Every structure is written in structure tokens, then in C-alpha cells.
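Chemist: Below you'll find the structure I mean.
Derivation of every value follows stated rules applied to the coordinates shown; laboratory data play no part. The structure presented is a predicted model; accordingly, all values stated were derived computationally and were not measured. With ideal geometry, Cβ positions are generated from the backbone for all residues, glycine too; neighbour counts draw on all protein chains shown.
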Amino acid sequence: DVLLDKKTHWRILSGDDILLKLAEYYQPRQCIFLTSVPGIIQSNGNVIEEFYVGESKIDELDHQSSIIDVTGSMQNKVMIA
């Protein structure tokens, strides 16, 4: 999503960032992320189908997962989740 900003005129605001701010404010017990793909597909073809806070699967993300696009890296999206 594109957001008008007085300092930089515009910037990209990811839905993940919005959910993080809402979660910080409302303190829900859990948040659920849904996608239209079977999981987080890594460059080596492995799929992380699900993960939970504190699991080492988050650390399994490879270098490709840290490449940044306009809404941030996949690794950042997983860390927000």
C-alpha cells in the first residue's frame, strides 16, 4: 500500500506493519496470517508450512528470504508475524 507522507511525500506501508502496530496497541492473544501459497518457499525449494513464536524454523530462512522488495523482506515479514 502507498501512504502519503509529509516528510518523503510517499512511502510503502506493508499490511504486516499495520498488523504489528495494531497488535502492539490491542495486545491480542494471537494473530493469524493467511496466504494464497502453501507456505514460505525458500530458494532451495524447501517450504516452511507453519511456524510459531520461538521456533527455530524462523532461523531456517535462507539468504533469498532477506532480499528486500518494496514491502520489506520475507524474513522481516516472518519476524513481524
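Chemist: Label points 7 Å out from Cα along the Cβ direction at K7 and Y25: separation in nm?
Modeler: Taking the two extended label points, one gets 1.9 nm.
Chemist: How would you rank 74-80, 18-24, highest first, on the average number of other Cβ atoms within 10 Å across their residues?
Modeler: For the peptides 74-80, 18-24, the packing ranking is 74-80, 18-24.
Chemist: Can you tell me the length gained on complete extension of the stretch S43 to N76, counting 0.36 nm per residue apart and subtracting the Cα distance?
Modeler: Between S43 and N76, full extension yields an extra 10.3 nm.
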